[in-house]
Amino acid sequence: MPGPRRDHIDFRHSTVHGPVQGQGIQYNNDNRTFVAPAEPDHARLGGDALLIRDYRSAVHHFSHAIRGDPQRASHHYYLSLANLGGHHPCALSEARVRLSLDALGHALTALPSCAYARVADLLIRDALASRYGEGRTALTPQERRLVHRAGKRHARELTTHVPAPENAWWRALHARVPGPYEG
């Protein structure tokens, strides 16, 4: 007696017709659909990792989020913060800082008016300049307005993830969100 057909599988009171590939969508007579799990929300997972200062995981997730939406300035901005790993820019290799600045460059290309990415870029560059005694001692009124436009949430993020309290940009950001330094 021949065995069952390979393209006909019987379940209790319903039948799936067609070859079973093991992946994809299959329908049964009860109109139930079986689908593969959805792609994880890498932007949310990266943000969660950044909150707990798991920088390696944040880099991973924001890199994937950028692949899904390369024009999203916020993904590039958060990748930049994650690349710094919570360290002062002077404590990192030139290549690591370059990764961070490149990510901010992509953010500013995607959204040129992005105040928080612009402030992050200026903060990191000025922190590096302070290594050679060339850092800023004070900001102009126009630069202070730019810090104000960056918003309190981003000011908190920048002062937390880019610890450079000797920097004029950092001090201006910290003044927006007074409280204990979390470095």
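The values are calculated or read from the model by the stated rules, or taken from the named source; none is laboratory data. Predicted model only: the values in this text are computed from it and were never measured. Note: ideal-geometry Cβ built from the backbone for every residue, glycine included; neighbour counts use all protein chains shown. All accessible areas refer to the heavy atoms of the entire protein, side chains included, with ligands and DNA or RNA removed. Shrake-Rupley method; radii C 1.70, N 1.55, O 1.52, S 1.80 Å.
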- Just a yes or no: is a residue in the range 49-63 in contact (Cβ under 8 Å) with a residue 60 or more places away in the chain and out of contact with any Gly (no Cβ under 8 Å at 6 or more places or on another chain)? yes
- Item | Within the range 136-159, considering residues that are over 15 Å from Ala117 (Cα atoms) and among the hydroxyl-bearing types (Ser, Thr, Tyr), the one most open to solvent (accessible area, probe 1.4 Å) | Thr137
- Within the range 32-135, helices (runs of 4 or more DSSP H) holding 3 or more residues that are touching a helix residue (DSSP H, G or I) at 6+ places or on another chain (Cβ under 8 Å) and open to solvent by 40 Å² or more (accessible area, probe 1.4 Å): 55-68, 94-110, 115-130
- Could you check, for the range 143-152, whether at least one of its residues is in contact with a helix residue (DSSP H, G or I) (Cβ under 9 Å, 6 or more places away or on another chain), under 18 Å from Ala65 (Cβ atoms) and small (Gly, Ala, Ser)? no
